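Beneath this line is the structure, given in structure tokens, with notes to follow.
The values are calculated or read from the model by the stated rules, or taken from the named source; none is laboratory data. Bear in mind that the values here come from a model prediction, so they are computed numbers and not experimental data. Here the Cβ positions follow ideal geometry from the backbone for every residue, glycine too, while neighbour counts run over all protein chains shown.
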Amino acid sequence: MRLWHSPLRRGAAGVVVLLAALPMVSAEATAAVTKPVAFHELRRLARPQSVAYASGDETNTPGDPMAPSRSAGPGAARNRLHRSALPGARSSLRAALVNLAADRYAVRQHASAEIRTALAARMACLVHAAGPEQRNRLTELLRFNANLSRWALACMALPSRQRQAMFAWGLKPKLLPLVAGAFSRRASRQAAAARRLARRSDPQVDWILARLLSSPRRLVYLSTMAALWTHRPTPALVEILWRFIITPSVFPPVADQNRVVRFHGRRITVPRLAMLNPWQRLQDSHYAEELLAHWKPPGVASLLTAYARRAAAHPAEPNLFSDPNMMWQAKNYVHLFMIFRPSAAVPFLLRLTALPPRNVVSTIFNRQPTYWDSRTTALYLLILAAGQDPHHYHFFHSPWYGGRWLVPAAADETKAITALTAWCRSRAVAPAATEPVGRPATAP
């Protein structure tokens, strides 16, 4: 196709790489001036990759994206036309990159203006498309460039060494589509990028996967969880999944659900639908629990213990033991507790059962007397930790509150607490003493 020979295609590639590399300059400008080798590496990254573009017998190597074609055909005239839009662009741009770290403020401002002018000139070469096919392809390239720029801006928040490694890794031609897809505004492209990134073992991949796993978009975080099934667990990924499992869902007040636009004396209500996402994340938390159960990383036992410790130290704070509205978090916690069985959490569970009951719920559900309070879940976990049968203590599984283990009455719970406390005392296990903890129980 003729587009593969067109200088517009080569110019687009130059802008993509240049815009991705420029944000690194302002942060590393001082090192670039004092260390010529580092600046030479930066210029190499900012230079478009050598790619052969062939159409018939014509072959171009765009070391300079505005370089004319080697053949004297009609394409050469177009190359000369676009080259004229950037007189001395390469030399002035390199000088401007160095001047970004100049001592004088006016010099730095002038350098920034020169770089903006150079970028605008390259953009001008892209936007003058001749036909619908070129316009469609250039539209995709401009979106590609915008996605790559978002990745570069996100990398700027990383520590210096990690940032340099991320740029050196992500600017490789084969990885550019993956990086751009992960930072796309389209959820479908982010999901596709997550599936491809999870199959790689590069250390830089984990940082991008962590960002995708933290996405508020349901398609993105669910696709990332599914893709991580065969990926190696890392502490950062485990922490995100853990927060996903136990963090209470925050539902905005009703007054904040809608925004009002005043249009010449009239009020237009714009619904925000903010309630939808917390409910979806709440229902999807069990997928994160399934992934941790599949991985079985060693740090989950410590997370389970730390949560029980903070809940015992802050019983008034919202936590899955005392809040009946956190039934999804409680179910996830119980499932993980059954898998990892953290013995270090037992003293804190004993402490929770020794506290006065709170948020008591006593009712009849499906003709069955049902009782629950802030001690019930901790008591059930103690029975599991002791290796005993919950039915022996009159526990039964009820579909109430999404399916939980409950007791018929408060007296049954009191008798079970007395029996379990004596059993633990006979094995030299005592309730944990109260101690201040810096963060509330909802922290992982």
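Let's see how each residue does on (1) surrounded by fewer than 18 Cβ atoms within 10 Å (Cβ to Cβ); (2) in a helix (DSSP H, G or I):
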position	(1), (2)
319	no, no
323	no, no
330	no, yes
336	no, yes
345	no, yes
353	no, yes
362	yes, no
369	yes, no
377	no, yes
Sole miss for residue 121 among (1) more than 30 Å from residue 226 (Cα to Cα); (2) in contact with a helix residue (DSSP H, G or I) (Cβ under 6 Å, 6 or more places away or on another chain) is condition (2)
Checking the structure you have, find out if any residue of segment 133-146 is part of a loop (DSSP other than H, G, I, E, B) and either out of contact with any helix residue (DSSP H, G or I) (no Cβ under 7 Å at 6 or more places or on another chain) or closer than 30 Å to residue 203 by Cβ (or both).
no
In segment 166-213, what residues are more than 16 Å from residue 140 (Cα to Cα), out of contact with any Ser or Thr (no Cβ under 9 Å at 6 or more places or on another chain) and not in a helix (DSSP H, G or I)?
171, 172, 173, 174, 175, 200, 201, 202
Extreme residue, surrounded by the most Cβ atoms within 10 Å (Cβ to Cβ), among residues of segment 276-311 that are in a helix (DSSP H, G or I) and of a type in the set (D, E, K, R)
289
So residue 417 passes all but one of these: (1) assigned to a helix (DSSP H, G or I); (2) crowded, with 21+ Cβ neighbours inside 10 Å; (3) among the aliphatic types (A, V, I, L, M). Which condition number does it fail?
(2)
Of all residues being small (Gly, Ala, Ser) and surrounded by fewer than 16 Cβ atoms within 10 Å (Cβ to Cβ) in segment 379-392, which is farthest from residue 422 (Cα to Cα)? Just the residue, please.
387
Would you tally the residues in segment 101-129 being of a type in the set (A, V, I, L, M, F, W, C), outside any helix (DSSP H, G or I) and more than 25 Å from residue 180 (Cβ to Cβ)?
2
Quick one: is residue 186 under 30 Å from residue 282 (Cβ atoms), without any contact (Cβ under 8 Å) to a residue 12 or more places away in the chain and surrounded by fewer than 18 Cβ atoms within 10 Å (Cβ to Cβ)?
yes
All positions within segment 155-175 that are of a type outside the set (Lys, Arg), in contact with a helix residue (DSSP H, G or I) (Cβ under 7 Å, 6 or more places away or on another chain) and touching a residue at least 24 places away in the same chain (Cβ under 8 Å)
155, 156, 158, 165, 166, 167, 169, 170, 171
Conditions: (1) at pLDDT below 95; (2) surrounded by 13 or more Cβ atoms within 10 Å (Cβ to Cβ). Residue 174 meets all but one. Number of the miss?
(2)
Residue that is farthest from residue 239 (Cα to Cα) [pool: residues in segment 251-299 that are among the basic types (Lys, Arg) and modelled with pLDDT under 70]:
259
By residue number, the members of segment 86-129 that are polar (S, T, N, Q), farther than 23 Å from residue 141 by Cα and modelled with pLDDT of 75 or more are 99, 109, 112
